[in-house]
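Read the figures in this text as sums done on the coordinates, not as results from a lab. Keep in mind the model is a prediction, meaning the values are calculated, not measured. A quick note on method: Cβ atoms are made from the backbone with ideal geometry, for glycine too, and the neighbour counts reach across all protein chains shown.
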Amino acid sequence: MPVALASRVLPLLPLQLLLGICLREIRSRHPRIFDRLGSHTGKRYGLDPTDLPLAFVLEPRRMNPRVTVVRTLPPGVDARIAGPLSALIGMTDGSYDGDALFFSRDIQIDGDMEAVVALRNAIDDSRVDFLAESVAWLGPLATPIERLLRGLVAPPSFRQEMGVGGGG
Amino acid sequence: MELICPAGTPAALHDAVGAGADAIYCGFNDETNARNFPGLNFNREEMRDSIAHAHRYGVKVLVAINTFARAGNVDLWRRAVDDAVECEADALIVADVGVMDYVARTHPQQRLHVSVQAAAANPDSIRFYVESFGAKRVVLPRVLSVPEIAAITREVDCETEVFIFGGLCVMEEGRCSLSSYATGKSPNMDGVCSPAGAIQYREENGALISRLGNFTINKFAKGEAAAYPTLCKGRYQTDEGCGYLFEDPASLDATTMLPELRKAKVSALKIEGRQRGRAYIERVVKTFRHALIALEEGRPIPADELNGLSEGQSTTVGAYKKTWR
């Protein structure tokens with residue numbers, strides 16, 4: 001996977017800056033996420049794409065949300081959600097159902113389940129599209145780059161294998 | 001037959017409208033509804049806006065206020081009733097006789113449905129709700145065969161609604177105490193079966209171990225489809241061996257029963273899953289909308305299209321065909 005290869009050799013700082021911009025955009029455009037998270041805004045979520053040599057620690061604090069890019073998840077996160085990058089992204093944009101991904105064992109979850117359920121529901125309701133949000137600041141280049149990224153992280157065959165997705 | 005679809009959030013409600021629902025059921029974000037999960041459900045403003053949106057597309061919204069009110073704290077349930085009426089809900093889905101009485105006395109024009117949580121599984125019971133509170137529809141528990149559903153529908157003076165897809169309660173609904181036994185919380189009183197706060201998952205050499213409270217519910221081998229950690233679908237070690245004592249982890253899928261349910265003259269078909277994501281809502285609702293169109297046009301109905309979304313990745317027709325008899 002080209003994304004995996006690139007993330008193995010590239011420094012993490014540019015990605016962290018990009019995700020920081022993305023998170024600020026999400027905070028201003030989707031404030032309802034934080035309402036739905038309720039007391040779980042104070043939790044630390046470990047997001048672990050199993051096909052990438054890096055992971056993310058998400059702290060969805062209402063006033064100052066933060067995401068940290070790490071090579072491996074540190075101990076002490078409240079909850080961990082692990083799975084292929086395309087599955088994790090597909091859950092956020094409504095392409096995949098989180099419960100179905102759990103039943104099929106494509107994702108693994110552990111830790112504080114209330115926090116996981118709250119995050120899943122908050123994001124599902126928000127219709128946040130992480131790929132679109134992360135390139136929105138690129139202006140006229142946003143659309144072609146978004147298309148390129150979608151091709152890299154969510155090959156169509158994955159959706160068919162899952163037996164889930166937006167079709168039907 | 002009306003297609004009744006779940007929505008746990010405003011976004012899911014919008015998707016259900018777009019996917020072909022005739023009516024959508026949902027609830028407030030508190031313990032008055034039986035899907036009181038973190039981050040789920042509607043505040044008052046969201047409920048009002050969502051009902052208005054559905055009505056613009058000719059879709060009805062049924063508000064579930066279907067837990068049992070606690071003595072000394074009935075105001076929460078009464079307020080939910082008042083607010084749902086004010087939001088112009090097309091019907092209230094209620095289980096508690098005290099709450100039904102409040103609806104009938106305070107809002108006599110409001111359409112009332114008897115929740116599956118009331119476990120009204122015979123004509124006498126249903127007649128009580130119709131005569132006492134003016135209930136217009138009863139959601140039948142998932143313990144009846146199709147001939148039993150047909151017999152009940154013939155005998156009662158209200159519409160019947162049955163589940164056709166989704167999570168399957170094997171106990172008599174509204175009476176099950178398993179979750180309460182294991183965690184202190186139940187769908188009946190708190191709106192949560194096997195609450196997330198009591199669930200633990202652990203990976204061990206590729207196997208997935210699920211626990212609820214102090215109980216190990218299951219151990220799924222590497223690659224084996226997983227399921228919710230509910231006691232009724234746990235895998236138990238007994239003198240006879242290891243297996244599912246009450247029910248296999250599987251979802252209800254009554255696609256193949258649609259012709260018989262139509263013959264039984266049920267009025268409405270319900271999809272379970274307010275706690276599921278938009279991907280589930282859109283796919284399941286569209287699939288059943290297409291199935292109903294095929295039924296109407298006399299075409300074969302495609303089956304087994306939703307296994308990937310099902311608990312344990314398998315489906316059953318449950319009590320609709322009581323093959324064990």
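One table, with the values for the structure above:
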quantity: The protein assembly as shown: antiparallel DSSP beta bridges as a percent of all, rounded to 5; calculated: 45 percent
quantity: Mean separation of Cα contacts under 8 Å (6+ apart) over length of the stretch A:2-158, as relative contact order %; calculated: 24 percent
quantity: Förster radius 35 Å - calculated FRET efficiency between B:Thr323 and A:Leu148, Cβ distance, rounded to 0.05; calculated: 0.10
quantity: Cβ-defined net charge surrounding B:Ser125, 12 Å radius [Lys, Arg +1; Asp, Glu -1]; calculated: -3
quantity: Summed residue charge, Cβ within 12 Å of B:Leu168's Cβ, Lys/Arg positive, Asp/Glu negative; calculated: -4
quantity: Percent of C-alpha pairs per 10 Å bin, the stretch B:208-247, short to long; calculated: 32, 57, 11
quantity: Signed unit charges on C-beta, dipole axis of the stretch B:178-244, positive-most listed residue B:Ile217, B:Asn188, B:Tyr244; calculated: B:Asn188
quantity: Long-range HN-HN contacts of B:Ala226 with modeled amide H, under 5 Å; calculated: A:Ser104, A:Arg105, B:Gly312
quantity: Estimated 222 nm signal from helices in the protein assembly as shown, with DSSP H stretches of n ≥ 4 weighted -39500 (n - 2.57), rounded to 500; calculated: -11000 deg cm²/dmol
quantity: Whole-Å distance, taken between Cα centres, linking the stretch A:19-83 and the stretch B:143-214; calculated: 32 Å
quantity: Relative contact order computed over chain B (Cα-Cα under 8 Å; 6+ residues apart), in percent; calculated: 20 percent
quantity: Contour minus Cα-Cα distance for B:Ala221 and B:Lys263 (0.36 nm per residue); calculated: 10.9 nm
quantity: Stokes-Einstein translational diffusion, chain B - Kirkwood Rh over all Cα pairs, 1.567 mPa s, 4 °C, in µm²/s; calculated: 64 µm²/s
quantity: Table column - 3J(HN,Hα) (Hz), the stretch A:47-52, Karplus curve with 6.51, -1.76, 1.60, x for Gly and Pro; calculated: 10, 10, x, 6, 9, 10
quantity: Spacing of the two label points (7 Å from each Cα toward its C-beta) at A:Thr50 and B:Arg105, in nm; calculated: 5.7 nm
quantity: Size of charge dipole - the stretch A:2-158 - debye, nearest 20, with Cβ of Lys, Arg +1 and Asp, Glu -1, no other charges; calculated: 500 debye
quantity: Net +/- balance of residues flanking B:Pro10 in space, Cβ distance below 11 Å, scoring K and R +1, D and E -1; calculated: -1
quantity: From phi via Karplus (6.51, -1.76, 1.60), per-residue ³J(HN,Hα) for the stretch B:188-200 in Hz, x at Gly/Pro; calculated: 6, 9, 10, x, 9, 9, 6, x, 4, x, 9, 9, 10
quantity: Other-chain or far-sequence residues with amide H under 5 Å of B:Tyr25's (modelled H); calculated: B:Cys5, B:Ala7, B:Leu62
quantity: Shielding by partners, peptide B:220-226 (average Cβ within 10 angstrom, other chains); calculated: 2
quantity: Rounded to 5, the percent of DSSP beta bridges in the stretch A:2-158 classed as antiparallel; calculated: 70 percent
quantity: Packing-based order for B:255-268, A:45-58, using average beta carbon neighbours within 10 Å, highest first; calculated: A:45-58, B:255-268
quantity: Per-residue average of Cβ from other chains inside 10 Å of B:306-313; calculated: 5
quantity: Normalised alpha carbon radius of gyration of the stretch B:178-244 [divisor 2.2 N^0.38 Å]; calculated: 1.15
quantity: Cα-centre dipole for the protein assembly as shown with unit charges at Cβ (Lys and Arg positive, Asp and Glu negative), debye to 20; calculated: 700 debye
quantity: Spherically averaged projected area in nm², based on the convex hull that wraps the Cα atoms of the stretch A:2-158; calculated: 8.8 nm²
quantity: Span-like helix ranges in chain B, DSSP H, alpha carbon extent 24 angstrom or more, Kyte mean at least 0.0; calculated: B:278-296
